[in-house]
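The values are calculated or read from the model by the stated rules, or taken from the named source; none is laboratory data. Treat the numbers as computed from the prediction; the structure is a model and nothing was measured. Ideal geometry is used to build each Cβ from the backbone, glycine not excepted, and the neighbour counts take in all protein chains shown. Please note that ligands, DNA and RNA were not included when accessible areas were found on the heavy atoms of the full protein model with its side chains. Shrake-Rupley method; radii C 1.70, N 1.55, O 1.52, S 1.80 Å.
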Amino acid sequence: MRRTAVITILACLAISCSAQVTFEEISRNPHLAGNNYCIYPDKEYHQYTEAPDGKRPFYISHYGRHGSRYLSQQQAYDIPWQILSKADSLDKLTPFGKDIFRQVTIAREDALERNGELTELGHLQHRHIAKRMISNYPEIFEGKAPVHARSTTKIRCILSMGSAIQQLLTVNPELKINMDASKRDMWYLNFQDKQLQATKMTPTAKQAYDAYTVKREHNERLLLELFNDTAYANHHVDAGTLNYYLFKVASIQQDTHLDDRLNLMKMFTNEEIYHIWQKENAWWYIMFGPSLLNGGTQPYTQRHLLRKIIEEADSCIALTNPGASLRFGHETVVLPLTCLLGINGYDFQTMNLEELEENGWIVYRIFPMGCNLQFVFYRRDVFDKDVIFKVLLNEEEATLPLPSSIAPYYRWSDFKAYYLKKLDDYESR
């Protein structure tokens with residue numbers, strides 16, 4: 001009995017410590033709570049582990065999300081603006097509410113007719129990523145090395161690809177670029193699996209999500225800060241809707257040129273920001289992660305992409321100078337692909353959403369704007385059949401659920417055997 005009690009206490013302490021670490025991280029940088037709106041951690045220098053046995057890099061296979069953008073739907077700007085505009089016309093806003101209304105108006109006007117479009121920061125992120133890629137692995141991009149680049153048909157992805165290629169050509173104008181963005185490639189660049197989509201928010205998942213989020217709803221305090229008439233606010237304002245969209249508008253400003261002029265995050269306390277993040281973190285886990293609440297199969301939406309990566313790598317390994325395969329798409333691909341691969345433990349499965357943080361399932365570490373996965377291949381020479389590789393998540397060395405005596409490097413033969421079996425087992429079901 002006492003042993004059980006001790007174990008329970010230790011488990012609670014572990015959860016509490018993990019939550020405290022995340023809370024402190026978000027309190028230091030509230031923009032992290034924006035999750036997929038976070039800006040890319042644009043570090044100039046990354047420390048990498050030296051490859052074993054004289055192996056040298058010879059090929060890169062990559063998938064990257066587009067860079068920073070505006071909110072993709074106009075209603076995200078319109079809904080909070082309309083609520084605050086009506087209240088302002090009736091003189092129902094506090095001085096603080098009037099200032100927030102002013103800032104929301106500026107953000108809305110700046111984003112007009114630019115829904116989902118790449119910002120200048122988005123271009124810069126991809127130029128920097130490409131610059132580091134060619135600087136870190138110059139052997140891959142020597143002379144007339146081929147670069148095979150493909151993008152989804154979204155303009156923000158095409159422009160991200162263009163910025164990356166422009167940077168590569170600035171460093172080496174001799175590169176042989178093959179670049180395209182076509183519906184023909186959408187079956188693997190951004191596959192829409194209708195069968196899996198229909199099973200995302202099952203009744204079981206919704207019940208668990210609602211129970212998790214209801215404890216983290218904090219809408220009334222901000223209403224009192226914004227409106228000077230409590231009766232008006234209670235009868236005419238949906239506090240949950242207003243807070244949701246205000247936070248979206250606040251979060252996206254880090255991706256625009258207005259970040260230094262606006263301070264919409266000041267609306268929320270650290271505790272509110274943290275709880276908003278928790279709700280979003282759990283939502284992403286259910287909708288795109290390996291949650292057991294809906295069967296744990298959502299990451300298999302990226303099975304075609306993973307097979308494509310494997311097939312193209314095998315073809316390129318047979319070449320003397322294969323260069324690079326670059327692909328540009330979306331966070332809704334990077335996230336499930338990361339989970340499918342089990343990178344850094346993101347294949348963690350549970351039915352208890354309270355266990356996410358203690359097990360390191362923190363989604364903003366996966367898919368900021370410009371997020372990317374890079375598979376960097378190594379061998380001694382073209383005759384070396386013992387090909388190894390490492391995987392980088394946002395340019396940081398990452399782990400895979402594979403045995404390896406040379407980690408963070410892995411043998412390509414081991415990777416292929418493990419993941420092709422995993423895909424075959426799923427598809428046979």
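The residue that is farthest from C371 (Cα to Cα), counting only those in the range 83-114 that are among the polar types (S, T, N, Q) and over 30 Å from the mean Cα position of the chain (by Cα), is S89. Across the range 295-318, the number of residues qualifying as open to solvent by 20 Å² or more (accessible area, probe 1.4 Å), of a type in the set (S, T, N, Q) and touching a residue at least 60 places away in the same chain (Cβ under 8 Å) comes to 1. I177 meets the conditions (1) open to solvent by less than 40 Å² (accessible area, probe 1.4 Å); (2) touching a helix residue (DSSP H, G or I) at 6+ places or on another chain (Cβ under 7 Å); (3) more than 28 Å from L32 (Cβ to Cβ) in every case but one. The failed one is (1). For the range 273-286, the criterion of a residue being in contact with a helix residue (DSSP H, G or I) (Cβ under 8 Å, 6 or more places away or on another chain), of a type outside the set (K, R) and under 18 Å from A417 (Cα atoms) is satisfied by no position.
Scanning the range 91-104 for residues that are open to solvent by less than 60 Å² (accessible area, probe 1.4 Å), farther than 17 Å from F247 by Cβ and either assigned to a helix (DSSP H, G or I) or not β-branched (V, I, T) (or both) yields K92, L93.
Among the candidates S85, S135, S160, the residue that is in a helix (DSSP H, G or I), farther than 30 Å from L393 by Cβ and hydroxyl-bearing (S, T, Y) is uniquely S85.
For the range 340-380, taking the residues that are of a type in the set (F, W, Y) and in a loop (DSSP other than H, G, I, E, B), the one that is surrounded by the fewest Cβ atoms within 10 Å (Cβ to Cβ) is identified as F348. Figure legend. Inter-residue proximity from the range 164-176: first residues under 19 Å from G329 (Cβ atoms), second residues open to solvent by 60 Å² or more (accessible area, probe 1.4 Å), beta-carbon distance below 9 Å, spacing 6+ or different chains. Indicated pairs: I165/M179; Q167/K131; L168/K131.
Restricting attention to the range 235-294, the residues that are surrounded by fewer than 21 Cβ atoms within 10 Å (Cβ to Cβ) and in contact with a strand residue (DSSP E or B) (Cβ under 8 Å, 6 or more places away or on another chain) add up to 1. Among the conditions (1) surrounded by 13 or more Cβ atoms within 10 Å (Cβ to Cβ); (2) in a loop (DSSP other than H, G, I, E, B), F383 misses just one, which is (1). When each of L71, L124 is tested for being touching a Lys or Arg at 6+ places or on another chain (Cβ under 9 Å) and either modelled with pLDDT of 95 or more or surrounded by 14 or more Cβ atoms within 10 Å (Cβ to Cβ) (or both), the lone residue that passes is L71. Can we say Q192 is open to solvent by 30 Å² or more (accessible area, probe 1.4 Å), closer than 30 Å to E427 by Cα and polar (S, T, N, Q)? Answer is yes for this residue. Being in a loop (DSSP other than H, G, I, E, B) and either modelled with pLDDT under 95 or surrounded by fewer than 17 Cβ atoms within 10 Å (Cβ to Cβ) (or both) is not true of D78.
If you go through the range 360-398 and keep only what is more than 19 Å from F58 (Cα to Cα) and out of contact with any helix residue (DSSP H, G or I) (no Cβ under 7 Å at 6 or more places or on another chain), you end up with R365, P368, N394.
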